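Shown next, in C-alpha cells, is the structure this report addresses.
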Amino acid sequence: MEKKTIILTRKIQIYVDCEDKEQKDAYYKQLYEWQFLSFQAANLIFTHLYVQDRVKDLIYFTEDIKVKLADYKKDEDGILNSSRMNTTYRILSSNFLGKMPSNIFSNLNNTLHSIYNTERSAYWKGEKSLRNYKRSIPMPFGADKLKLHNDEKGRDFKFKLFKIPFKTYLGKDRSDKKVLLQRTLAGTLKLRTSSLKIDKGKLYLLAAFEMERDEHQLKDTVIAEASLSIEHPIVVKVGKENFQIGNKEEFLHRRLAIQAARHRLQRGSTFNRSGKGRRRKLKSLEDWDAKELRYVDNRLHLYSRRLIDMCIKTQAGTLLLVNQQQKEEVAKEEEFLLRNWSYYGLKEKIAYKAKKAGINVIEE
C-alpha cells in the first residue's frame, strides 16, 4: 500500500544562542570538529560497505573461503560476526565514540546504508562511481533530540541540541518554514531525522517534516504529456488540449542578460579597488552569480508549480515527460544548452511537487 505521507526538508538558518564570546567560540569549534569527524565517518562507512560487497571478486583468496555477507551465528556460510548494519556501527563506535555524539554517527550509519543499498546495483554495473563525501557533509541526528520552543518575541524558535543552545534566523522569509515549525511545536506535524550543516561559515538546520499528501481527485487513466525545451520551458498536452508554460524571452533572454552584465563587470574588475586582494575585486561577480542562480531557481519553481496545478485541474494522475532522455543526451553535446537550460533542476522540482500531490511521474 502506498504511503500517504511524504518527507519535506527545509533549510533553516540558525546560530548559536550564547552571549559569552569564549563559550560561543568553543561551541562553534566543537561543531566544526563534529562535522570533520562526520566527513571521515561517511567515507569510512562507504569504503567498508563496498569492500564487503566485492569480497567474492578477490580471486586471490583460497577457493574454500566463505564469502556470504551474513552473521555466521545465523548462517553457516556467513563471514561476519554480527549483522551487516552493525559491522559499520562497530567501526564507527571504535573510532569516534567519545569524540562526537553517538546519536550522530548512528543516524549517519543508518542513512548511508540506505543510500548504498539504493545505488549498489549501479556500482556493480559500473554505471556510477562510489560516493565521496566532502567536509561540508550534514550531521544527522534523531528527531527526539530536538525540542522546540518559542523565543521571547515569538518571531523565532529556540532549541538545544547536544547541550548547545541554538536559535533560528527566519528574517523576512516568505516561505512555509515558520508555519511548519509552528505546526511541529503544536504537535500537528512530526519531525523526522534531521541534520545540522555548516556552509561557508553559516549554520543551517536541515529539518525533515513528515506530513500527509495533498488529497486531489485524480484519475490514473488521464495522462498529461509534458515536453521540456529551451524554446518553451514546458509544453503540456492533456487529451486534445495543449498548454504552454513560460516562453523563451522570459527565461533564456533574461538569463543571457544577467550573464552579459556579469561579463561586463568581469572585464572591469581589474580596475576595482583591492583592499583585501582578490576577494574584494571579485565580490561584484559573486553577487551576479548568485543573482543568476536565484532567478533560475525562481523560474523553475514557478514553471513546475504551474505544471502540477494544471495536472490537478485536468485530474491527470499520470505525468509523462516525453523524449526526456534523448533531449538530455543532445544537451550534453551542445555547450549552449548544457550551460543555459536546467533540465535536472526542473525535473527535480517537478518530481517533488508531483509526489506531494500524488501524481505519478514517468520519464520517457
For Leu108, what accessible area in Å² do you get when you roll a 1.4 Å probe over the heavy atoms of the protein chains, rounding to the nearest 10? 10
Rounded to the nearest 10 Å², the accessible area of Trp341 using a 1.4 Å probe with every protein chain kept is 10
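Please list Arg183, Arg155, Arg84 in order of solvent-accessible area, largest first, computed with a 1.4 Å probe with all protein chains present.
Values: Arg183 90, Arg155 140, Arg84 45 Å².
Greatest to least solvent exposure: Arg155, Arg183, Arg84.
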So which of Lys125/Lys200; Lys202/Lys347; Lys158/Lys202 end up more than 25 Å apart, counting from Cα to Cα? Lys125/Lys200; Lys202/Lys347
Please turn the phi angles of segment 133-140 into ³J(HN,Hα) values with the Karplus equation 6.51 cos²θ - 1.76 cosθ + 1.60 (θ = phi - 60°), one per residue in order, whole Hz, x for glycine and proline. 7, 8, 5, 8, 4, x, 9, x
With only alpha-carbon pairs counted, each pair once and no self-pairs, how large is the Kirkwood hydrodynamic radius of segment 185-267 in angstroms? 18.2
Listed here are the pairs Lys21/Lys160; Lys29/Lys134; Lys177/Lys237; which of them are more than 24 Å apart at the Cα? Lys177/Lys237
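The values are calculated or read from the model by the stated rules, or taken from the named source; none is laboratory data. Worth saying up front: this structure is predicted, and the values here are computed from it rather than measured. Protein only, heavy atoms only, side chains kept; ligands, DNA and RNA dropped before computing areas. Shrake-Rupley method; radii C 1.70, N 1.55, O 1.52, S 1.80 Å.
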